[in-house]
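The values are calculated or read from the model by the stated rules, or taken from the named source; none is laboratory data. If you're wondering where the values come from, they're calculated on a predicted model, not measured in any experiment. We place every Cβ from the backbone using ideal geometry, glycine too, and count neighbours over all the protein chains shown.
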Amino acid sequence: ILSYLDEGKSVVFLTLGDPMFYSTYMYVYRLIENTGHEIKTIPGVTAFCAIGSHLGYPIVEKEEVLAIVPATAPKEKIDAVLAVADDAVIMKVYKNFDEVQETLIKH
């Protein structure tokens, strides 16, 4: 990416959802931010917000507390968060689907 930028070319980093929410883009951004190249970040829509809107189902309402945790976090941490949250979004499930399913059944 930097070599293209150094040549004066424009570069686009396309990502799913919001680039600042559990995205590889954050790592690329940090590598480029102090190089003098202009960076424009365009916000996206996270998957859980998109599906809530698509289904007409609110993710949270009133005084409900929403927890957002990565499935890659230690199990104890996920359990602790789920114990106190009214609603939860578990991200990055693809590698840990079975464990996440067991955890959700437990809670």
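Before moving on, here are some points about what is shown:
- When the range 1-35 is limited to residues that are in a loop (DSSP other than H, G, I, E, B) and among the charged types (D, E, K, R), the one that is surrounded by the most Cβ atoms within 10 Å (Cβ to Cβ) turns out to be ASP18.
- Restricting the range 54-99 to residues that are β-branched (Val, Ile, Thr) and in a helix (DSSP H, G or I), the residue that is farthest from the chain's Cα centre (by Cα): VAL84
- PHE13 vs. criteria touching a strand residue (DSSP E or B) at 6+ places or on another chain (Cβ under 8 Å) and not assigned by TED's automatic domain parsing to the domain that holds TYR94: no
- Restricting the first member to the range 65-86 and to residues that are more than 18 Å from ILE105 (Cβ to Cβ), and the second to residues that are among the aromatic types (Phe, Trp, Tyr), the beta-carbon pairs closer than 7 Å and six or more apart or on different chains are PRO70/TYR22.
- Cross-chain or 6+ apart pairs with Cβ under 6 Å, the range 16-44 first and among the small types (Gly, Ala, Ser), then in a helix (DSSP H, G or I): GLY17/ALA47
- Lone qualifier among GLY36, GLY56, GLY52 - being under 21 Å from VAL93 (Cα atoms) and not β-branched (Val, Ile, Thr): GLY52
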